[in-house]
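One structure is given below, encoded as structure tokens.
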Amino acid sequence: GEKLKQKIAPKEFGRIAASTAKQVITQKLREKEKDSAYGEFSSKVGTLMTGIVNRLDAGNVYIEFPGSNIEGIMMPYDQISTEKYNVGDRLKVYVKKLRETASGVQAIVSRAYAGFVKKLFEMEVAEIKDGVVEILGISREAGSRTKLAVYTAYEDVDPVGACVGMKGARIHGIVRELRNENIDVINYTNNVSLFISRALSPARISSIRLVEEHKRAEVFLRPEEVSLAIGKGGMNIRLAGMLTDYQIEVFRDLEEGYDEEDIFLDEFLDEIEPWVIDILKGIGCDTAKNVLEIPRDELIKRTDLEEETIDEVLDILSAEFENQETEDQE
């Protein structure tokens, strides 16, 4: 200390001490402001807030909230993949948690979180807000589909009807906010088999066998219902499993005389346009063999489809049976 004082002039030493004191005071003020902001915003965790996009950086969306000095950040996994965000957009977001950064307090927000949909229903449906209707489960693939299980102890209240609203008024508002995400509202029941059956809607179940010790459900459906139960990319059965907390396995319930080698047209939805399949069903063709048994010219005449479309359908269906024959020979 003595050597330092000898090297530094008294006046200069005073300046350094004053500067250090100023830095300490500034740091304390920042910490006080951070603590104040943290405390003020902490009550917002678990709620919905509306903010304005102020910048986009490295896939993250940064949001400012009017009247607050806390910045929101929506990371890629918290964004709805089908949405595009631009600076200046007003966004409703779910506040997941707060975190402290070097520059201040930051709110981690989301539009993909299942809780976001739950809060939208709480805001839109008075019966949920009042506790008359309860949300007992929710599963979601953001941007595509949500399944919501609702319940009420009041016999004169229809929980699904309350959520949907008169002529769909309530749920339409939520669907608009979610940019047309599909929402299935399901009436909860303690009857596990019935609950699983409802969760697999729009498919119609023939029967269910529960294996309770493994939390597994073996679901039997008519062949034409299988693709509905599974859904595109397996989404319907995946969300139903998440909602009911059961591993769901699907089996075809085959009628006597059914040709096991035949294939229902719904299983070609990834290769043939749905509207084309609907037209083929309209002339009584539910399976691939039904279509292949009809002469090409007659198919064109009965369906009124373009020749190229019919040829493409026939090629796809024929190729499937050729593949089956190759596999059998091997």
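Among residues of the range 167-193 that are more than 17 Å from LYS147 (Cβ to Cβ), those with a Cβ under 7 angstrom from a residue that is modelled with pLDDT under 95 and loosely packed, with under 14 Cβ neighbours inside 10 Å, sequence gap 6+ or separate chain, pair up as ARG179/THR82.
One line per residue, one yes/no per condition, for (1) open to solvent by 80 Å² or more (accessible area, probe 1.4 Å); (2) part of a helix (DSSP H, G or I); (3) of a type in the set (Ser, Thr, Tyr); (4) within 20 Å of ILE186 (Cβ to Cβ):
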position	(1), (2), (3), (4)
ALA217	no, no, no, yes
ALA229	no, yes, no, yes
MET242	yes, yes, no, yes
VAL250	no, no, no, yes
ASP266	no, yes, no, no
VAL291	no, yes, no, no
LEU299	no, yes, no, no
ILE310	no, yes, no, no
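The set of residues in the range 111-140 that are touching a residue at least 24 places away in the same chain (Cβ under 8 Å), outside any helix (DSSP H, G or I) and in contact with a helix residue (DSSP H, G or I) (Cβ under 6 Å, 6 or more places away or on another chain) comprises ALA112, VAL125, VAL133, GLY137, ILE138, SER139, ARG140.
All but one of (1) among the small types (Gly, Ala, Ser); (2) open to solvent by 60 Å² or more (accessible area, probe 1.4 Å); (3) not in a helix (DSSP H, G or I) hold for GLY284, so report the exception by its number. The single condition GLY284 does not satisfy is (2). Can you give me the number of residues within the range 38-60 that are over 14 Å from TYR113 (Cβ atoms) and aliphatic (A, V, I, L, M)? Within the range 38-60, residues that are over 14 Å from TYR113 (Cβ atoms) and aliphatic (A, V, I, L, M) number 4. Selection of first residues in the range 262-283 that are without any contact (Cβ under 8 Å) to a residue 24 or more places away in the chain and of second residues that are surrounded by 14 or more Cβ atoms within 10 Å (Cβ to Cβ) and basic (Lys, Arg), restricted to Cβ pairs under 8 Å at least 6 apart or on distinct chains, gives the following pairs, ordered by first then second residue: ILE283/ARG302. Taken over the range 46-80, the criterion of being under 21 Å from ASN180 (Cβ atoms), in a strand (DSSP E or B) and in contact (Cβ under 8 Å) with a residue 60 or more places away in the chain is satisfied by LEU48 alone. I'd like to know if the range 81-93 contains one or more residues that are part of a loop (DSSP other than H, G, I, E, B), open to solvent by 30 Å² or more (accessible area, probe 1.4 Å), touching a residue at least 60 places away in the same chain (Cβ under 8 Å) and of a type outside the set (Gly, Ala, Ser). So far as the range 81-93 goes, yes, one or more of its residues are part of a loop (DSSP other than H, G, I, E, B), open to solvent by 30 Å² or more (accessible area, probe 1.4 Å), touching a residue at least 60 places away in the same chain (Cβ under 8 Å) and of a type outside the set (Gly, Ala, Ser). Condition (residue is at pLDDT 95 or above, more than 15 Å from TYR94 (Cβ to Cβ) and of a type in the set (Phe, Trp, Tyr)) applied to the range 118-141: is it met by at least one residue? No; the residues of the range 118-141 include none that is at pLDDT 95 or above, more than 15 Å from TYR94 (Cβ to Cβ) and of a type in the set (Phe, Trp, Tyr). Under the condition of being aliphatic (A, V, I, L, M) and in contact (Cβ under 8 Å) with a residue 60 or more places away in the chain, the residues counted in the range 226-248 number 5. Within the range 204-215, take every residue that is assigned to a helix (DSSP H, G or I) and without any contact (Cβ under 8 Å) to a residue 12 or more places away in the chain and give me the one that is farthest from GLU267 (Cα to Cα). Looking at residues that are assigned to a helix (DSSP H, G or I) and without any contact (Cβ under 8 Å) to a residue 12 or more places away in the chain, I get GLU213.
Once the range 186-205 is narrowed to residues that are touching a helix residue (DSSP H, G or I) at 6+ places or on another chain (Cβ under 8 Å) and surrounded by fewer than 19 Cβ atoms within 10 Å (Cβ to Cβ), the residue that is nearest to PHE121 (Cα to Cα) is ASN187.
The values are calculated or read from the model by the stated rules, or taken from the named source; none is laboratory data. All values reported here derive from a predicted model rather than from experimental measurement. In this analysis, Cβ positions are derived from the backbone assuming ideal geometry, glycine residues included, and neighbour counts consider all displayed protein chains. SASA here: full protein model, heavy atoms, side chains in, ligands and nucleic acids out. Shrake-Rupley method; radii C 1.70, N 1.55, O 1.52, S 1.80 Å.
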